[in-house]
Amino acid sequence: MTNDKKFTLRFSKYILNFKKPSGTSRGVMTEKETYFLVLTDEKSNVQGWGECGLLRGLSFDDRPGYEEKLQWLVEHINDDRAKLMSQLAEWPSIKMGLEMAFLDFDNGGKHIYFDSDFTKGKKPISINGLIWMGSKDDMLSQIEQKINDGFSCIKMKIGAINFKEELECLKFIRDHYDSNKIELRVDANGAFDPDDADYKLEDLAQYDIHSIEQPIRPQQWDEMAELCRYSPIPIALDEELIGIFQSDLKKSLLDVIQPHYIILKPSLIGGFESASEYVKLAEKRNIGWWATSALESNIGLNAIAQWSATTGNKMPQGLGTGSLYTNNLDGPTYVENGSLHYDTNFEFQTFLP
């Protein structure tokens with residue numbers, strides 16, 4: 001069975017350059033690789049845009065054969081959609097890009113993937129201000145800037161510099177702003193050792209932390225479950241969700257670990273369909289959640305923000321990454337007073353690289 005439309009598909013690689021080196025416990029990034037998809041209907045010439053937000057060192061599909069899989073998709077683009085999606089199950093960033101392209105095409109190629117009050121310019125999305133790892137002075141400077149920019153929720157990357165200095169950064173915030181003024185989230189990116197994670201969580205707890213993302217490395221379900229059971233700080237799973245594709249396995253993950261929150265990065269977990277499935281599973285289990293970008297360009301960020309806006313989730317989302325790059329593509333989203341807004345007057349360029 002084939003689609004009624006006759007499509008052509010092309011892909012192109014693009015390197016995003018960070019304005020300044022950005023650090024996590026996994027290392028410092030100076031550039032980020034991504035791939036764009038352009039789906040075109042040969043009769044109407046309507047296009048659908050997608051972004052395959054590959055994140056080296058983290059994406060499940062960061063492995064040999066990536067561009068070969070994209071070329072396979074080019075050659076099979078007129079196969080049944082459901083079949084295509086099924087065959088891309090273990091290529092989550094490519095699946096995300098294809099889902100984006102079809103959503104865009106189905107909505108007329110206007111890059112409105114999910115219509116809402118957000119895309120009508122009526123309702124911005126509350127977001128967190130992201131503090132990258134660096135020297136203590138650099139992190140303090142970032143914190144002051146985010147607060148001055150109107151953020152009421154700050155997320156700080158931890159786990160790479162001296163832990164005492166990281167605590168001092170958190171103390172600086174709490175000395176000036178209590179939790180009624182500034183919500184504090186921290187992200188360890190799996191940097192803690194299971195043997196001393198509980199002690200570090202106790203140290204962090206004195207600063208009234210909202211939550212900590214992925215304190216220990218993923219695929220340690222029993223250890224993570226134990227932390228979630230006794231942690232003085234609510235724990236959010238992030239990297240833990242990567243590589244979990246089957247519905248039964250998603251259920252088992254949540255049932256065994258019983259986290260307080262999960263973090264949904266569509267590019268890393270297989271797109272919006274997968275993210276929506278996680279939302280249903282989490283809410284059924286009284287597990288909180290929020291969405292974040294995975295360092296996509298403004299093309300992918302736009303789509304993720306649009307999906308997030310349709311969920312009704314009022315928690316600050318992790319969508320403030322649009323200004324990270326020197327050569328980002330222009331997009332309709334912009335940050336103002338700690339919220340992500342949509343510019344309804346924005347006009348997209350007519351092509352992708």
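Coordinate-derived values only; no laboratory data. Here the structure is a predicted model, which is why all the values come from computation and not from measurement. No Cβ is skipped: glycine too gets one built from the backbone with ideal geometry, and neighbour counts run over all protein chains shown.
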### Task
Please report, in debye to the nearest 20, how large the charge dipole of the chain is about its Cα centre when each Lys and Arg carries +1 at its beta carbon and each Asp and Glu carries -1 there.
660
### Message
Take VAL28 and ASP115, extend 7 Å from each Cα along the Cα→Cβ direction, and tell me the distance between the two endpoints in nm.
### Response
4.8
### Task
Could you run the Karplus curve 6.51 cos²θ - 1.76 cosθ + 1.60 with θ = phi - 60° over segment 312-318 and give me ³J(HN,Hα) per residue in whole Hz, x for Gly and Pro?
x, 6, 8, 5, x, 9, x
### Summary
Scoring only Lys, Arg, Asp and Glu (+1, +1, -1, -1) among other residues with Cβ under 11 Å from the Cβ of SER12 yields 0
### Query
Under a straight-distance cross-link criterion of Cα-Cα below 22 Å, which lysines are reachable from LYS20, leaving out those fewer than 8 residues away in the same chain?
LYS32, LYS136, LYS146, LYS155, LYS157
### Message
Assuming 0.36 nm per residue, please report the length gained on full extension of the stretch LYS83 to ASP178 beyond their Cα-Cα distance.
### Response
29.1 nm
### Query
To the nearest 0.05, how large is the calculated FRET efficiency for GLN206 and SER323 if R₀ is 45 Å and r is the Cβ-Cβ distance?
0.90
### Task
Would you kindly state how much longer the chain becomes between ASP248 and GLU336 on full extension, computed as 0.36 nm times their sequence separation minus their alpha carbon distance, in nm to one decimal?
27.6 nm
### Query
So for segment 1-108, Kirkwood radius off the Cα pairs, Stokes-Einstein at 37 °C and 0.692 mPa s: how many µm² s⁻¹?
222
### Task
Determine Rg/Rh for the chain; Rg is computed over alpha-carbon atoms and Rh is the Kirkwood hydrodynamic estimate from the same atoms.
0.96
### Query
Counting each DSSP H run of 4 or more residues in the chain as -39500 (n - 2.57), what helix-only mean residue ellipticity at 222 nm follows after dividing by all residues, to the nearest 500 deg cm²/dmol?
-10000 deg cm²/dmol
### Query
For the charge dipole of the chain, defined by +1 on Lys and Arg C-beta atoms and -1 on Asp and Glu C-beta atoms about the Cα centroid, which residue among SER323, SER12, GLN47 has the Cα displaced farthest towards the positive pole?
GLN47
### Message
Only sites in a loop by DSSP and with at most 13 other Cβ atoms within 10 Å count here; which trypsin sites (Lys or Arg not before Pro) in segment 1-82 make the cut?
### Response
LYS6, LYS43, ARG56
#### Entry: Label-to-label distance, nm, for residues given as ASP149 and ASN162 (7 Å Cα→Cβ offset)
2.8
### Query
Using a basic spin-label model with each label point 7 Å from the Cα along Cα→Cβ, how many nm lie between ASP193 and ASP343?
4.9
### Query
Based on the Cβ-Cβ distance of LYS123 and LYS6, what FRET efficiency does E = 1/(1 + (r/R0)^6) give at R0 = 35 Å, to the nearest 0.05?
0.40
### Task
May I ask you to derive the relative contact order of the chain, considering only C-alpha pairs under 8 Å and at least 6 residues apart, and to give it as an integer percent?
21
